[in-house]
Amino acid sequence: MSSKRRGAHAPEPKKHLTKACYCLWPKHLRASSHCPPTALVACRDGHGNRHLFNELIRAVYLAWFLQQDGYRKEPVNSFKTTEYAVETALELAHMSDEWVLAEDTVPAFERLLALHDSQLATAPLHKVIHAEQRLRQFLAGIASSPIPEPDHA
């Protein structure tokens, strides 16, 4: 038995990423980086659905969380534009069963998806995992958006 004992207030030891986690990264990276651009094309052309819109907003939110961790910088307005576009498209789909993005919002999505691709290429794995954890926490909560209004950013 060791003479050193962890006190009640000692921090927990850091959890290290497992080798298996590192082995899965390239497959996960490929899957997560190809789906949102495909979803954007389908949603832009009127062939969207709930799943594709979820893929788009998921990529936007992950890009936001990675940006908050210091990986590149896009104006908060770009994030809000895409968020509002998805909300508007969902309202339209609810009323008419037509799943389409407004054409004038596509450039904002293209910028943020390019941002997200570059973040995935440069951010360490633990930062991406942390961003995904933050996304899950947001989705489990009651907040309407993780992105602040532009005047509060």
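The values are calculated or read from the model by the stated rules, or taken from the named source; none is laboratory data. The structure displayed is predicted, hence computed values, not measured ones. Neighbour counts run over all protein chains shown; Cβ positions are idealised from the backbone, glycine included. What goes into the accessible areas is simple: the full protein's heavy atoms, side chains included, and nothing from ligands, DNA or RNA. Shrake-Rupley method; radii C 1.70, N 1.55, O 1.52, S 1.80 Å.
Within segment 101-117, is even one residue touching a residue at least 60 places away in the same chain (Cβ under 8 Å) and open to solvent by 20 Å² or more (accessible area, probe 1.4 Å)?
If we filter segment 101-117 for residues that are touching a residue at least 60 places away in the same chain (Cβ under 8 Å), which is where we start, we get 101, 106, 109-110, 113, 116-117.
Going one step further and asking which of them are open to solvent by 20 Å² or more (accessible area, probe 1.4 Å), we end up with 110, 117.
Yes, there is a match, as at least one residue in segment 101-117 is touching a residue at least 60 places away in the same chain (Cβ under 8 Å) and open to solvent by 20 Å² or more (accessible area, probe 1.4 Å).
Report yes if TYR84 is at pLDDT 95 or above, open to solvent by 10 Å² or more (accessible area, probe 1.4 Å), in contact with a Leu (Cβ under 9 Å, 6 or more places away or on another chain) and not aliphatic (A, V, I, L, M), otherwise no. Reasoning before the result, please.
On the way: at pLDDT 95 or above: yes; open to solvent by 10 Å² or more (accessible area, probe 1.4 Å): yes; in contact with a Leu (Cβ under 9 Å, 6 or more places away or on another chain): no; not aliphatic (A, V, I, L, M): yes.
Answer is no for this residue.
Could you give every pair whose Cβ atoms fall below 8 Å, whose first residue belongs to segment 69-81 and is over 17 Å from SER145 (Cα atoms), and whose second residue is among the aliphatic types (A, V, I, L, M) and in a loop (DSSP other than H, G, I, E, B), counting only separations of at least 6 or pairs across chains?
From residues that are over 17 Å from SER145 (Cα atoms), the pairs are ASP69/ALA123; TYR71/ALA123.
Can you name the number of the only condition in (1) assigned to a helix (DSSP H, G or I); (2) at pLDDT below 95 that ALA143 fails?
Just one mismatch for ALA143, condition (1).
Output the number of the condition that ASN54 fails; it satisfies all remaining conditions of (1) open to solvent by 50 Å² or more (accessible area, probe 1.4 Å); (2) more than 21 Å from LEU120 (Cβ to Cβ).
(2)
Within segment 134-153, work out how many residues are under 12 Å from ARG58 (Cα atoms) and either among the hydrophobic types (A, V, I, L, M, F, W, C) or open to solvent by 50 Å² or more (accessible area, probe 1.4 Å) (or both). First the steps, then the outcome.
Of segment 134-153, the ones under 12 Å from ARG58 (Cα atoms) are 134-136, 138-139, 145-146.
After this cut, where a residue has to be either among the hydrophobic types (A, V, I, L, M, F, W, C) or open to solvent by 50 Å² or more (accessible area, probe 1.4 Å) (or both) as well, the list is 134-136, 138-139.
Total satisfying the criteria: 5.
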